[in-house]
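Scroll down for the structure; my scribbles are underneath it.
The values are calculated or read from the model by the stated rules, or taken from the named source; none is laboratory data. Computed from a predicted structure; not experimentally measured. Glycine gets a Cβ as well: all are built from the backbone with ideal geometry, and neighbour counts include every protein chain shown.
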Amino acid sequence: MTDNEMDDFLKSAALPEVEGAVVDRITGKVLSSLEPVRRLPSAGVIALGLVFVLIVVATFGATFLGFSQVLSVSERVLIFWLVGSLAAWTAAASAAAMVPGSRSRLDPRILLAIGTAAFFLVFPILFHDYRFDRFFSEGISCLLNGLFAAAVAGVLLWLVVRRGVFLNPPAAGVAIGTLAGLAGLAMLELHCPILKAMHLMVWHTAVIPLSALVGYLIGRWAQDLGVKRKAAEFMQ
C-alpha cells in the first residue's frame, strides 16, 4: 500500500465532522451548568459533625421523654461504647460517600449488618428477663419513639451532607439511615426503663435496620430522579 493509498484510507475512515451548531449547543449546556463551589471540610470534620448530630438528638429526645436510671454503670458503658464505635464508623462512611474518589473500606451494608447483629447479641448477654408481658404495647411505643428520633436525626444529618456529591445515593442513604437509627436507639437507651431482653432485642434494635431501609429507599428515589432529569435535559 502506497502513502497516497494510506492517506485515502484514513480519510475515508475518519469520523464525520460535527456541525458547529451542535458543538455550540453542547458547550452551552455544559457551561451553563457550571457553578462556583465552596471547598468541603475534611472527611474527619464532617464525620465529627455527624456524630455531634447523633449526640444532640439522643440527648434532647431523652430529655423530652424523660431519662431513665435503670442501667448500671457497666451496662451503660458497654452499650454506649458500642453505639459510639458504630457511630464513628458509620459517620466516616457517610463522609466518604460525599466526596467522589474518597477511599473508604467501610461498606455501609456491612456496618448495618454489624450494628444490628451486635445489639441483637449484646442485649441478651446483659439482660436475662425474658418475659413477654405487654410485649407489643410497650414495644410499639418504643419503636415509634425511636423512629421519630431517627427521622429528626436524618433531617439534621442531611443538612450536614447535602453539599456533597453522591455517586452511589442508595449506599449513602444506607449509611445515613444507619447513623440516624443509632441516634434513635441511643435515645431509647437513655429513656426506656424496660430491661426485658426480647423487648430490647426486637423493638430497640429494629430502629437501626428500619431507618437504614428508609435511607436506602430515599437514596434510590434520588438516583432515579437524577437519571430522569439528566435524560430530560439531554433530550431538550
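Surrounded by fewer than 16 Cβ atoms within 10 Å (Cβ to Cβ), of a type outside the set (S, T, N, Q) and not in a helix (DSSP H, G or I): does that describe VAL70?
Yes.
Scan the stretch 134-147 and give yes if some residue there is part of a loop (DSSP other than H, G, I, E, B) and exposed (fewer than 14 other Cβ atoms within 10 Å of the Cβ), otherwise no.
Yes, because at least one residue in the stretch 134-147 is part of a loop (DSSP other than H, G, I, E, B) and exposed (fewer than 14 other Cβ atoms within 10 Å of the Cβ).
Of ALA43, ALA13, ALA21, which residue is at pLDDT below 95, surrounded by 14 or more Cβ atoms within 10 Å (Cβ to Cβ) and out of contact with any strand residue (DSSP E or B) (no Cβ under 6 Å at 6 or more places or on another chain)? Spell out the reasoning first.
Values: ALA13 fails: surrounded by 14 or more Cβ atoms within 10 Å (Cβ to Cβ); ALA21 fails: surrounded by 14 or more Cβ atoms within 10 Å (Cβ to Cβ).
Result of the check over ALA43, ALA13, ALA21: ALA43.
Taking interchain pairs and intrachain pairs at least six residues apart, which have beta carbon atoms under 7 angstrom, with the first residue in the stretch 178-199 and under 16 Å from ILE140 (Cβ atoms) and the second polar (S, T, N, Q) and surrounded by 24 or more Cβ atoms within 10 Å (Cβ to Cβ)?
The qualifying pairs are GLY184/SER211.
Going residue by residue through the stretch 158-166, is there one that turns out to be closer than 20 Å to ILE46 by Cβ, charged (D, E, K, R) and not in a helix (DSSP H, G or I)?
Yes.
How do the pairs read when you match residues in the stretch 123-145 that are on the phi > 0 side of the Ramachandran plot and among the β-branched types (Val, Ile, Thr) with residues anywhere that are at pLDDT 95 or above and surrounded by 12 or more Cβ atoms within 10 Å (Cβ to Cβ), using Cβ under 8 Å and keeping only pairs 6 or more apart or on different chains?
none
Could you check the stretch 42-67 and list, in sequence order, the residues that are farther than 21 Å from TRP158 by Cβ, of a type in the set (Phe, Trp, Tyr) and assigned to a helix (DSSP H, G or I)?
Passing the criteria: only PHE64.
Examine the stretch 115-122 for a residue that is assigned to a helix (DSSP H, G or I), polar (S, T, N, Q), surrounded by fewer than 21 Cβ atoms within 10 Å (Cβ to Cβ) and in contact with a helix residue (DSSP H, G or I) (Cβ under 7 Å, 6 or more places away or on another chain), and state whether such a residue exists. Break it down into steps so the answer makes sense when it comes.
Filtering the stretch 115-122 for residues assigned to a helix (DSSP H, G or I) gives 115-122.
This time we only want the ones that are polar (S, T, N, Q), so: 116.
Filter once more, keeping what is surrounded by fewer than 21 Cβ atoms within 10 Å (Cβ to Cβ): 116.
With the extra rule that they be in contact with a helix residue (DSSP H, G or I) (Cβ under 7 Å, 6 or more places away or on another chain), the set shrinks to 116.
Yes; the residues of the stretch 115-122 include at least one that is assigned to a helix (DSSP H, G or I), polar (S, T, N, Q), surrounded by fewer than 21 Cβ atoms within 10 Å (Cβ to Cβ) and in contact with a helix residue (DSSP H, G or I) (Cβ under 7 Å, 6 or more places away or on another chain).
Could you tell me how many of the residues in the stretch 167-199 are in a loop (DSSP other than H, G, I, E, B) and surrounded by 21 or more Cβ atoms within 10 Å (Cβ to Cβ)?
Filtering the stretch 167-199 for residues in a loop (DSSP other than H, G, I, E, B) gives 167-168, 192-195.
Keeping just the survivors that are surrounded by 21 or more Cβ atoms within 10 Å (Cβ to Cβ) gives 192.
Total meeting the criteria: 1.
Quick one: count up the residues across the stretch 152-171 that are over 16 Å from GLY49 (Cα atoms) and within 12 Å of the chain's Cα centre (by Cα).
5
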